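Heads up, the thing below is written out as structure tokens.
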Amino acid sequence: MTKEEIKKELRQRLRDTYALELEDAGPVELFYSLGGLVKAVSNEKWQKTWKNYLTEGQKQVYYFSIEFLPGKLLKSNLLNLGILDEVRTTLADINVDLEELANVEKDMALGNGGLGRLASCFMDSIASCGLPGNGNGIRYDYGLFKQQFMDGYQVELPDEWLKRGNVWEIRRESKACDVHLFGNVYMKRLANGKLEPVEENQTTVRAVPYDTGMIGYQNGIVNTMRLWSVEIPVSEEAKYHNLGERRTIEDLTAVLYPDDSQESGRLVRLAQEYFFVSAGIQSIIRYYKKLNLPWHSLSEKIAIHINDTHPAMCVPELMRVLMDENGLNWEFAWDITVKVLSYTNHTIMAEALEKWPVYLMKRVVPRIYQIIEEIDRRYVMSMQGIHPQDLIQRTRLLQNDQIYMAHLAIIGSHSTNGVAKIHSDLLKTIVLHDFYVVYPERFNNKTNGIAERRWMQLANEPLSDVMDELITDSWRKAPQNLKLLMNYQNDEIALKKLREAKLVKKEELASYILETTGIQVSPNAIFDVQIKRLHAYKRQLMNLLHILKLYFDIKDNPEIDLTPRVFIFGAKAAPSYSYAKSIIKVINEAADMINNDASLQDKIKVVFLPNYNVSLAEKIIPAADVSEQISLASKEASGTSNMKLMLNGAVTIATLDGANIEIKDAVGDDNIYIFGLTEKEVYNYYENQDYSSQKIYDEDEELQRILDAFIDGTIPNIEFEGQEIYDSLLKFNDEYFLLRDFHDYARAQEQIDHDYKDAVLWQKKSLANIANAGGFSADETVKAYAEDIWQIEPIFAHTEK
Ligand code: 26Y
């Protein structure tokens with residue numbers, strides 16, 4: 001598109017929709033007009049893409065996820081369509097700043113954290129690699145809550161992201177389908193002697209899909225992310241004269257559950273899970289039937305991926321649709337189901353492993369429960385004489401009146417993967433070891449990856465420009481080419497350019513910090529960043545213990561030679577997770593104390609930025625010098641902010657956990673700061689039960705002073721929270737071994753303080769991180785899924801043949 005064409009299109013849209021001239025339009029009108037233009041350009045490609053899939057009869061994957069976290073789409077859509085620069089300069093000609101328009105867009109925050117963001121990085125990469133793949137999820141009316149701080153406490157506000165409408169989606173009423181909940185089911189014997197399920201008194205709801213185009217990076221491909229919204233079917237309207245009952249139905253897709261790895265076990269959540277699973281499976285089978293192929297070919301045309309256990313009801317639902325609605329027998333339907341489905345596990349934390357009480361499942365989806373019972377019965381039967389009785393009992397679906405959703409997902413699919421090497425190994429050797437004995441061939445690893453386009457090209461233009469200049473722009477299509485940067489490790493001019501690019505982003509972040517919090521920070525200080533959900537195992541509290549150590553060090557010795565450092569936090573706590581909320585409160589109070597103490601001479605500052613989300617991540621990550629990845633070894637399945645920060649030249653301080661280990665292998669020991677217990681040492685403590693935080697405390701004056709600060713009034717306004725935290729560390733024996741890892745952590749931090757002073761040395765480390773980040777591209781990850789698990793091929797490859 002030329003500049004003139006863009007201008008003409010914008011003019012027309014502004015007139016048609018708003019009765020405005022280009023010169024009179026404000027950012028909101030301009031954003032929606034530009035969004036409309038983008039959609040018009042991409043719709044043509046979208047139509048071509050799906051028609052192509054249909055005529056080529058290519059196998060497609062459907063990625064089922066209860067969370068998607070795309071963030072804002074304007075700039076990434078412009079980039080992927082190849083018109084970002086043209087649009088930017090066209091707007092500049094009429095004195096409009098593209099950034100201002102981009103800010104009008106609300107973050108699409110239909111996810112909590114890692115798992116949801118991964119789903120969106122995969123959507124970008126699947127389209128960009130030309131792979132036939134679609135998302136299937138829920139269109140929540142309210143996304144993840146907005147976070148504010150009041151008196152240092154987290155306050156949650158609703159996220160009204162749809163208030164001004166969503167320019168990217170298309171409501172497809174013609175593709176709606178019915179989903180049945182509640183009621184009861186019994187088996188009726190037919191004349192031919194066969195048993196048939198009869199369902200009665202069900203509540204029928206309408207699932208209406210809203211499709212969003214997932215635009216591939218400059219390759220003409222546009223895939224579909226389909227999100228389902230609940231409505232009352234027209235035929236049922238009369239039943240719902242009672243407003244309360246209406247609301248109950250409409251609430252089904254009203255809000256995203258704000259729990260990240262903390263089970264909620266609520267009825268509505270279960271109904272949500274079934275709702276998007278059933279609607280998705282129905283629409284896939286409807287599509288398959290259009291192809292006029294025999295049922296046994298289903299797995300040659302369709303792959304369905306279960307993102308964590310939230311969509312695990314795919315197993316019984318696909319069975320139900322194949323048997324009850326299409327007359328297949330159990331054995332045939334089961335064979336197809338296992339071939340079509342695959343599953344990713346994202347956590348080993350016990351409290352995040354989904355289990356549903358039998359009574360709830362029976363009530364919400366009685367027919368599904370029947371099928372689950374039968375899967376369980378057949379599983380137990382088929383294992384008799386092959387495996388010992390206790391193993392069979394441990395691996396079955398039904399135990400203690402609960403349904404183990406991970407067991408359902410593993411037994412009902414052909415592939416189970418973890419999300420980093422260590423995580424996949426732990427699944428095999430410990431967490432899911434019994435299943436590994438039963439199905440060794442089903443287990444595999446797929447280390448997570450990130451969409452480099454969003455996290456470098458869009459988020460960090462100064463760095464991208466330097467990269468283009470040094471190694472040409474080939475890395476934009478082929479992230480592995482970032483490796484070429486290694487040739488510049490001893491080139492002082494190149495190092496200086498990288499340093500200057502970082503400074504630009506640090507200055508921008510410093511202004512943002514000043515605007516939003518009133519705190520003044522120097523861009524010359526080390527920007528030390530910990531951004532992720534607030535969770536005890538991620539150990540934000542250990543970061544704070546170290547900050548307090550520095551605080552006392554400066555207090556004791558005002559002349560101490562410390563490199564000025566700004567500690568930056570971004571984290572939301574699940575509203576029901578009170579311990580996590582207490583940690584937020586104490587960080588905020590400690591921050592206040594430190595930031596207002598002139599005697600510290602700005603040697604340390606602490607900034608907790610509210611409302612961490614994708615857009616805020618895009619501001620923080622390019623400005624980071626140090627990346628905090630300090631979870632207790634064995635607890636973080638992978639992590640993905642570690643990859644984003646590395647890509648932007650931050651140097652990592654880390655435990656040997658999740659993908660940190662692979663990052664260490666990629667950059668080499670000199671370019672990362674490793675500390676702390678290993679996963680083996682952690683498990684040894686579990687086995688020997690010989691950890692005593694009290695003992696460490698009793699023998700350690702420094703830790704005494706730091707921990708006492710929580711209860712002796714040193715940190716103000718935390719009477720309750722301070723005590724709670726103090727107790728968690730001593731009375732309750734420090735579940736995540738903070739005291740055990742503290743000194744090694746402080747040692748690594750001291751090394752950082754020392755190394756940062758040597759600007760060239762530090763910049764070399766930073767360069768090595770950027771150069772080796774290409775191995776963590778989501779493009780590579782989805783290609784591995786495509787080859788090993790889904791057996792799908794890029795559309796180009798197919799058409800070339
Ligand atoms: C059952 C329910 C309460 C629940 C809700 C959300 C359970 C889990 C989750 C979310 C889990 C999650 O986000 N896990 C993260 O997945 C990332 C992508 O694989 C990993 O990088 C990260 O280590 C892991 O914590």
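Here is how the numbers come out for the structure above:
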quantity: Residue satisfying condition, being touching a Gly at 6+ places or on another chain (Cβ under 6 Å) and of a type in the set (A, V, I, L, M), within set V321, V340, V315, V268; calculated: V315
quantity: Long-range neighbours under 7 Å by Cβ, at least six apart or interchain, first residue within 12 Å of G280 (Cα to Cα) within region 300-325, second of a type in the set (D, E) and within 13 Å of the ligand (Cβ to nearest atom); calculated: P311/E273; M313/E273
quantity: Some residue of region 425-435 being of a type in the set (F, W, Y) and in contact with a Lys or Arg (Cβ under 6 Å, 6 or more places away or on another chain); calculated: no
quantity: Residue match in region 673-694 (condition: farther than 18 Å from R539 by Cα, buried (at least 20 other Cβ atoms within 10 Å of the Cβ) and aliphatic (A, V, I, L, M)); calculated: no
quantity: Single residue of R363, R367 found to be surrounded by fewer than 18 Cβ atoms within 10 Å (Cβ to Cβ) and either among the aromatic types (F, W, Y) or away from the ligand (no atom under 16 Å from the Cβ) (or both); calculated: R363
quantity: One residue from L73, L144 being in contact (Cβ under 8 Å) with a residue 24 or more places away in the chain, among the hydrophobic types (A, V, I, L, M, F, W, C) and over 30 Å from K477 (Cα atoms); calculated: L144
quantity: Flag for L534 being at pLDDT 95 or above and more than 16 Å from the ligand (Cβ to nearest atom); calculated: no
quantity: Test result for E662, within 14 Å of the ligand (Cβ to nearest atom), of a type in the set (D, E) and surrounded by fewer than 24 Cβ atoms within 10 Å (Cβ to Cβ); calculated: yes
quantity: Options I661, I672, I653, I718; residue that is over 30 Å from Q457 (Cα atoms) and outside the structural domain of N345 (by TED's automatic domain parsing); calculated: I718
quantity: Which numbered condition N184 misses (of (1) loosely packed, with under 14 Cβ neighbours inside 10 Å; (2) closer than 23 Å to L79 by Cβ); calculated: (2)
quantity: Within region 64-82, considering residues that are more than 11 Å from the chain's Cα centre (by Cα) and of a type in the set (S, T, N, Q), the one nearest to L118 (Cα to Cα); calculated: S76
quantity: Test result for L293, touching an Asp or Glu at 6+ places or on another chain (Cβ under 9 Å) and not in a helix (DSSP H, G or I); calculated: yes
quantity: E373 being touching a helix residue (DSSP H, G or I) at 6+ places or on another chain (Cβ under 6 Å), among the acidic types (D, E), in the same structural domain as F332 (by TED's automatic domain parsing) and under 20 Å from M319 (Cβ atoms); calculated: no
quantity: Residues being within 14 Å of the ligand (Cβ to nearest atom) and touching a Ser or Thr at 6+ places or on another chain (Cβ under 8 Å) - total across region 417-463; calculated: 16
quantity: Residue in region 552-563 that is touching a His at 6+ places or on another chain (Cβ under 9 Å) and of a type in the set (S, T, N, Q) present; calculated: yes
quantity: Single residue of region 618-647 satisfying the filter (under 19 Å from G113 (Cβ atoms) and more than 16 Å from the ligand (Cβ to nearest atom)) that is farthest from the chain's Cα centre (by Cα); calculated: A624
quantity: Of all residues in region 333-356 being among the β-branched types (V, I, T) and within 11 Å of the ligand (Cβ to nearest atom), the one that is nearest to V321 (Cα to Cα); calculated: T344
quantity: Enumeration of residues in region 525-540 that are surrounded by 21 or more Cβ atoms within 10 Å (Cβ to Cβ) and either in a helix (DSSP H, G or I) or hydroxyl-bearing (S, T, Y) (or both); calculated: K538, Q540
quantity: Any hit, region 440-463, residues being closer than 28 Å to V566 by Cβ, β-branched (V, I, T) and surrounded by 13 or more Cβ atoms within 10 Å (Cβ to Cβ); calculated: yes
quantity: Filtered residue count, region 114-133, keeping only those that are within 16 Å of the ligand (Cβ to nearest atom), touching a helix residue (DSSP H, G or I) at 6+ places or on another chain (Cβ under 9 Å) and of a type outside the set (A, V, I, L, M); calculated: 7
quantity: Residue satisfying all of: in region 142-176; surrounded by 13 or more Cβ atoms within 10 Å (Cβ to Cβ) and among the hydroxyl-bearing types (S, T, Y); nearest to V614 (Cα to Cα) among these; calculated: Y142
quantity: Residue that is nearest to I526 (Cα to Cα), among those in region 490-513 that are of a type in the set (D, E) and either assigned by TED's automatic domain parsing to the domain that holds A624 or under 32 Å from the mean Cα position of the chain (by Cα) (or both); calculated: E507
quantity: Residue within region 413-423 that is surrounded by fewer than 20 Cβ atoms within 10 Å (Cβ to Cβ), part of a helix (DSSP H, G or I) and free of Cβ contacts under 8 Å to residues at least 40 places away in the same chain present; calculated: no
quantity: Qualifying residue in region 554-565 (condition: buried (at least 23 other Cβ atoms within 10 Å of the Cβ) and within 17 Å of Y612 (Cβ to Cβ)); calculated: no
quantity: Per-region count, region 780-796, residues in a helix (DSSP H, G or I) and among the polar types (S, T, N, Q); calculated: 1
quantity: Criterion (touching a residue at least 40 places away in the same chain (Cβ under 8 Å) and under 21 Å from K163 (Cα atoms)) met by exactly one of E105, E56, E86; calculated: E105
quantity: Residues satisfying the stated conditions in region 223-264, i.e. within 16 Å of the ligand (Cβ to nearest atom) and either among the aliphatic types (A, V, I, L, M) or not assigned by TED's automatic domain parsing to the domain that holds M349 (or both); calculated: V255, L256
quantity: Filter result (among the β-branched types (V, I, T) and in a helix (DSSP H, G or I)) within region 296-317; calculated: V315
quantity: Cross-chain or 6+ apart pairs with Cβ under 6 Å, region 351-372 first and closer than 21 Å to I410 by Cα, then among the aromatic types (F, W, Y) and within 16 Å of the ligand (Cβ to nearest atom); calculated: K355/Y404; V365/Y274
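Residues checked against (1) buried (at least 19 other Cβ atoms within 10 Å of the Cβ); (2) assigned by TED's automatic domain parsing to the domain that holds K146; (3) assigned to a strand (DSSP E or B); (4) modelled with pLDDT under 95:
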| site | (1), (2), (3), (4) |
| --- | --- |
| P523 | no, no, no, no |
| N543 | yes, no, no, no |
| Y551 | yes, no, no, no |
| F569 | yes, no, yes, no |
| A590 | yes, no, no, no |
| I594 | yes, no, no, no |
| D602 | no, no, no, no |
| N611 | yes, no, no, no |
| I620 | yes, no, no, no |
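The values are calculated or read from the model by the stated rules, or taken from the named source; none is laboratory data. Note that this is a predicted model, so its numbers are computed, not measured. When we count neighbours, we look across all protein chains shown, and the Cβ atoms used for this are built from the backbone with ideal geometry, even at glycine.
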